[in-house]
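Participant: For reference, the structure I am asking about is given below.
The values are calculated or read from the model by the stated rules, or taken from the named source; none is laboratory data. Please read these numbers as outputs of a predicted model, since none were measured by experiment. Note: ideal-geometry Cβ built from the backbone for every residue, glycine included; neighbour counts use all protein chains shown.
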Amino acid sequence: MEFYLKTAKKRHWLLVLILFVISCYLPYLIFGAYPFANKTNATPDEVGLLTQNVSLPDFYQNNLDEITAKQRKLEEDAFTSWDGGKCRFCHSIKRDDRDRMAPNLYRILGKPAAVSQNFTYSSALIEMRKNGLIWTPETINAFISNPEDYIPGNRMRMEGIKDPKTRELIINYIERESQ
């Protein structure tokens, strides 16, 4: 009996240690949150170089069509609800919101990929930035329809949004909330 009690304590501590290690690693496995911070962000000068030869409209100077409260609610639900895009669970959208499991999407349109200052990106997304990927409504639409096919090796853990109307509502919501 005494031998069992001595070895049981060791086994319990080993079990507790294993559970602790697994719980620390779960956010990476489930959400793609990177457990170690590496300096992979672009500086403002690099962002300027990436966009200097690209002529894009100023997405935030466009006067968006007036919409009803019901239409606005549809856009918000597409971004926030589990049935819509599920975006809100990982992304924030307001100017001063903190980053969550993924970067803040405030004024993302017209920016190169992988440039947020508070997020560590996958090497696949950094490679796309180097190859000139700029976030526009079209590229975001293609990306959220199937993230793994659009940028193989990225850490965005979602199937993709098959419904084109839901994707359009999400993009409109990002544009409206970034005004």
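Participant: Go through segment 109-127 residue by residue and tally those that are within 15 Å of the chain's Cα centre (by Cα) and either in a helix (DSSP H, G or I) or not hydrophobic (A, V, I, L, M, F, W, C) (or both). Steps first, please.
Facilitator: Initially, segment 109-127 is screened for residues within 15 Å of the chain's Cα centre (by Cα), giving 109, 111-126.
Then keep just the ones that are either in a helix (DSSP H, G or I) or not hydrophobic (A, V, I, L, M, F, W, C) (or both); that gives 111-112, 116-118, 120-126.
Of the residues in segment 109-127, 12 are within 15 Å of the chain's Cα centre (by Cα) and either in a helix (DSSP H, G or I) or not hydrophobic (A, V, I, L, M, F, W, C) (or both).
Participant: Does K111 count as buried (at least 16 other Cβ atoms within 10 Å of the Cβ) and touching a Phe, Trp or Tyr at 6+ places or on another chain (Cβ under 7 Å)? Steps first, answer last, please.
Facilitator: Numbers: buried (at least 16 other Cβ atoms within 10 Å of the Cβ): yes; touching a Phe, Trp or Tyr at 6+ places or on another chain (Cβ under 7 Å): yes.
In short, yes.
Participant: Among I170, I174, I140, which is surrounded by 16 or more Cβ atoms within 10 Å (Cβ to Cβ), at pLDDT 95 or above and not in a loop (DSSP other than H, G, I, E, B)?
Facilitator: Values: I170 fails: at pLDDT 95 or above; I174 fails: at pLDDT 95 or above.
Testing whether each residue is surrounded by 16 or more Cβ atoms within 10 Å (Cβ to Cβ), at pLDDT 95 or above and not in a loop (DSSP other than H, G, I, E, B) leaves just I140.
Participant: Is it the case that segment 69-76 has a residue that's modelled with pLDDT of 85 or more and loosely packed, with under 11 Cβ neighbours inside 10 Å?
Facilitator: So the first thing to find is which residues in segment 69-76 are modelled with pLDDT of 85 or more, and the list is 69-76.
Narrowing the set further to residues that are loosely packed, with under 11 Cβ neighbours inside 10 Å leaves 69-70.
Yes, there is a match, as at least one residue in segment 69-76 is modelled with pLDDT of 85 or more and loosely packed, with under 11 Cβ neighbours inside 10 Å.
Participant: Checking the condition among the polar types (S, T, N, Q) and either at pLDDT 85 or above or on the phi > 0 side of the Ramachandran plot (or both), which residue from S123, S116 passes? Before the answer, list the steps.
Facilitator: On the way: S116 fails: either at pLDDT 85 or above or on the phi > 0 side of the Ramachandran plot (or both).
One residue alone meets the criteria, S123.
Participant: Further question: Looking at segment 78-90, which of the residues that are assigned to a helix (DSSP H, G or I) and in contact (Cβ under 8 Å) with a residue 12 or more places away in the chain is surrounded by the fewest Cβ atoms within 10 Å (Cβ to Cβ)?
Facilitator: Initial filter on segment 78-90 (assigned to a helix (DSSP H, G or I)): 78-80, 87-89.
Subset that is in contact (Cβ under 8 Å) with a residue 12 or more places away in the chain: 78-79, 87, 89.
Details: A78: 24, F79: 22, C87: 21, F89: 14.
Step by step, filter segment 78-90, then rank; the result is F89.
Participant: Right, here's the next one. Are any residues in segment 1-47 among the aliphatic types (A, V, I, L, M) and at pLDDT 80 or above, and if so, which ones?
Facilitator: Hits for segment 1-47 are L14, L15, V16, L17, I18, L19, V21, I22, V47.
Participant: Inside segment 91-108, can you point out the residues that are surrounded by 16 or more Cβ atoms within 10 Å (Cβ to Cβ) and modelled with pLDDT of 85 or more?
Facilitator: Within segment 91-108, H91, S92, I93, P103, N104, L105, Y106, R107, I108 qualify.
Participant: Failed condition for N62, given (1) surrounded by 15 or more Cβ atoms within 10 Å (Cβ to Cβ); (2) at pLDDT below 75; (3) not aliphatic (A, V, I, L, M), with all others met?
Facilitator: It fails just one condition, (1).
Participant: Can you pull out every residue in segment 146-166 that is farther than 19 Å from Y121 by Cα, assigned to a loop (DSSP other than H, G, I, E, B) and basic (K, R)?
Facilitator: Scanning segment 146-166 gives a single hit, K162.
Participant: Would you please list the contacts, defined by Cβ atoms under 9 Å and residues six or more apart or on different chains, that run from a residue in segment 124-137 that is in contact (Cβ under 8 Å) with a residue 24 or more places away in the chain and within 13 Å of T51 (Cβ to Cβ) to a residue that is of a type in the set (F, W, Y) and not in a helix (DSSP H, G or I)?
Facilitator: R129/Y121; T136/F59
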